[in-house]
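Read the structure below first, then the notes.
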Amino acid sequence: MKTTLVVCESPWTEHDRRLALWSMRPFVEGIAELYAARLVYRTFTAGSELRRLLEGEAFDDAGQRILIYIACHGYGGRLTPGRKTNSGVNLAPIARSLRHGVESVWLGACDVGGSNALHDFLAGSGAVWAGGYVCTVNWDASLLLDMAVLQELLKSGARKTRTGVVRTLKRAMESFDPRWIIGSDANGVDVCLRDALRVVARDKRQGARPQDVSRDLLSALRWSNS
């Protein structure tokens with residue numbers, strides 16, 4: 001089955017809100033070409049735009065395995081897209097609008113992994129899993145980690161069970177040091193990789209409920225006591 005990688009990215013800004021020069025686009029273009037995946041790249045600067053994209057404007061699902069990657073600033077459990085955003089965007093209603101047929105969602109955004117949105121991505125769409133970060137994340141760290149996740153997804157076949165998701169993410173993360181400081185919490189305290197990840201997954205069968213498998217991932221990586 002052909003894999004489609006759908007990337008929704010909000011333009012990045014510096015701390016003074018000037019537009020940044022960097023983007024995930026060249027990296028996702030390269031990895032999609034490397035693994036012969038179809039790439040759909042779209043930008044957004046408002047929650048309404050992201051919602052329309054995830055409802056299906058950015059992709060179709062005919063005979064495709066669909067993986068979604070959202071790259072955006074985040075704060076307080078909300079996305080903060082665009083340069084002139086004064087308040088965060090609640091991801092939960094957007095997640096509930098996700099079009100049916102998506103396999104997975106990875107959120108390359110600070111601080112959104114702790115919200116209910118991860119469950120919401122799975123609840124009505126049929127998606128198998130969603131994951132992200134529970135703290136702020138340095139952009140360069142997010143780049144390396146996000147690409148590791150996407151690479152392993154593109155290398156692997158379709159994920160249909162919680163255990164399959166954990167195995168895939170284990171392979172993506174096992175080359176990193178769990179003590180690597182990748183960001184900070186709301187109080188400015190350093191957060192290491194081991195404590196930064198949250199993943200929710202379910203078995204792809206009718207009635208299967210989403211479950212937090214973050215501890216299962218740590219156990220598989222043997223990071224629990226690192």
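Overview of values
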read-out	value
Elements of type helices (runs of 4 or more DSSP H) contained in region 112-226, each with 1 or more residues being at pLDDT 95 or above and basic (Lys, Arg)	162-173, 214-221
Qualifying residue in region 49-71 (condition: at pLDDT 90 or above, touching a strand residue (DSSP E or B) at 6+ places or on another chain (Cβ under 8 Å) and in a loop (DSSP other than H, G, I, E, B))	no
Checklist (1) assigned to a helix (DSSP H, G or I); (2) farther than 24 Å from Met1 by Cα; (3) not acidic (Asp, Glu) applied to Gly82, failing item	(1)
Only listed residue being in contact with a strand residue (DSSP E or B) (Cβ under 8 Å, 6 or more places away or on another chain), over 23 Å from Ala32 (Cβ atoms), buried (at least 21 other Cβ atoms within 10 Å of the Cβ) and of a type in the set (D, E, K, R), chosen from Arg179, Arg162	Arg162
Residue list for region 1-28, restricted to those being in contact (Cβ under 8 Å) with a residue 12 or more places away in the chain, loosely packed, with under 14 Cβ neighbours inside 10 Å and within 17 Å of Leu154 (Cα to Cα)	Met1, Lys2
Meets criteria (at pLDDT below 95 and within 18 Å of Gln211 (Cβ to Cβ)) for Gly88	no
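The values are calculated or read from the model by the stated rules, or taken from the named source; none is laboratory data. None of these values were measured; they are calculated from a predicted model. When we count neighbours, we look across all protein chains shown, and the Cβ atoms used for this are built from the backbone with ideal geometry, even at glycine.
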